[in-house]
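Chemist: Input: one structure, supplied below.
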Amino acid sequence: MMHKVFFVQECPTCGRSLEIRVAHLGREVYCQHCRARFVARSSEAPVRGAADVDSLLRRAEQLIDKQLIDEQLANEILPARCRGNAIP
């Protein structure tokens, strides 16, 4: 399952806060308000190439999928334990 992940960056021209997909990090984007073009950069992350971003996104998707599976297993296991502890 693909989850869209966003970060917030201010437009360098008009200063509005914009939600930008992580997949667009390091790529040229434009502000929907003033149409200024700029490179999407997270203030916390170093500038990386598109291949590095794709690799990071694949890893993030793997971690999210693992978390979802772990939560599903926990939800399936917990009720079984409760039924096992029930009074006959």
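Chemist: State all residues of segment 28-37 that are over 12 Å from Thr13 (Cα atoms) and surrounded by 16 or more Cβ atoms within 10 Å (Cβ to Cβ); if no residue qualifies, say none. Steps first, answer last, please.
Modeler: Taking segment 28-37 as the starting set, the residues that turn out to be over 12 Å from Thr13 (Cα atoms) are 28-29.
If the condition is that a residue be over 12 Å from Thr13 (Cα atoms) and surrounded by 16 or more Cβ atoms within 10 Å (Cβ to Cβ), then Val29 is the only one that fits.
Chemist: Pick out the one residue from Ala45, Ala40, Ala74 that is closer than 15 Å to Gln9 by Cβ and at pLDDT below 80.
Modeler: Every option except Ala45 fails the conditions.
Chemist: Quickly run through segment 49-71 and pick out the residues that are at pLDDT 80 or above and under 15 Å from Arg27 (Cα atoms).
Modeler: Leu57
The values are calculated or read from the model by the stated rules, or taken from the named source; none is laboratory data. Computed from a prediction, not measured in an experiment: that's the story for all the values here. All Cβ positions, even for glycine, are placed from backbone atoms using ideal geometry, and neighbour counts span all protein chains on display.
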